1. Once you have a ≥ b ≥ c as the square roots of the Cα gyration tensor eigenvalues for the range 44-84, tell me rounded if a/c is under 1.5, and otherwise prolate or oblate according to whether a/b is larger than b/c.
2. Kindly express, to the nearest 10 degrees and within the range 0 to 90, the angle between helix 43-52's C-alpha long axis and the longest C-alpha principal axis of the chain.
3. For the range 15-28, take each phi angle, set θ = phi - 60°, evaluate the Karplus expression 6.51 cos²θ - 1.76 cosθ + 1.60, and give the result in whole Hz per residue in order, putting x for glycine and proline.
4. Nothing charged except the Cβ atoms of Lys and Arg (+1) and of Asp and Glu (-1): what's the magnitude of the dipole of the chain about its Cα centre? Round to the nearest 20 debye.
5. How far, in nm, would the chain grow between Arg77 and Ser126 when pulled straight, counting 0.36 nm per residue and subtracting the alpha carbon separation?
6. Once you keep just the Cα pairs under 8 angstrom separated by 6 or more residues, what percentage relative contact order results for the chain?
7. Accessible area of the chain with a 1.4 Å probe: how many percent of it is carbon plus sulfur?
8. Among Arg18, Arg139, Arg69, which one moves the most in a GNM of the chain with springs linking Cα atoms closer than 10 Å?
Amino acid sequence: MPVSMVFTSDTHVPKRARDLPHALWGEIEVADLVVHAGDWVDVALLDQLERRARRLEAVYGNNDHGALRERLPEIARFEVEGLRFAVVHETGDAKGREARCAARFPDADVLVFGHSHIPWDTTAGSGLRLLNPGSPTDRRRQPHGTYVTAVADDGRLRDLTFHAVPPRR
């Protein structure tokens, strides 16, 4: 049965924004699974996501401390619809990322990561798909913030869409 998914990372709430964008909350509330690749900053957002998401898979990032590191792993692994996922915050420099991650995560089909705030969707020579949803709250050198929706279905990740977050006013 197809599983609707939302991918986000580097939310930095409340340091970069008071809350997640309304559109992202809307996607979170209807998705079957939410994946967060770290840099929450405050445990209050984790509490909210645990209440509002049907299922949450998440890791801590380099800006997460205290309760976030106590409650979340550095690396998460799970399977959905025949796809093996790994989630980690940092993957190192962009140069050589695909080969480095394929060697580090040989048993994964999809690696979700964050840290750079830069949207990324590539496939390593091994077939590992690398996905960084960017940041919905801190766009850094990007034209806008982003998050991703997709559907896991019978061993495939389909309908993958990067959603632009309009600038805050």
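1. Note, shape of the range 44-84 comes out oblate.
2. On a 0 to 90 degree scale, this one is about 70.
3. Each residue's phi maps through the Karplus curve to give 6, 9, 7, 6, 7, 6, x, 4, 4, 5, 4, x, 5, 4 Hz.
4. On the way: 23 positive and 25 negative charges, 117 e Å.
With Lys and Arg at +1 and Asp and Glu at -1, about 560 debye.
5. Working: separation 49, 0.36 × 49 = 17.64 nm, distance 1.82 nm.
Gain on extension, Arg77 to Ser126, equals 15.8 nm.
6. Working: 417 pairs, mean separation 41.7, N = 169.
It rounds to 25 percent for the chain.
7. Details: 3900 of 8190 Å².
After summing per-atom areas, the C and S share lands at 48 percent.
8. Top of the fluctuation ranking is Arg18.
The values are calculated or read from the model by the stated rules, or taken from the named source; none is laboratory data. What you are looking at is a predicted structure, and each value in this text was computed from that prediction instead of being measured. Ideal geometry is used to build each Cβ from the backbone, glycine not excepted, and the neighbour counts take in all protein chains shown. Heads up: the accessible areas ignore ligands, DNA and RNA and are worked out on the full protein's heavy atoms, side chains in. Shrake-Rupley method; radii C 1.70, N 1.55, O 1.52, S 1.80 Å.
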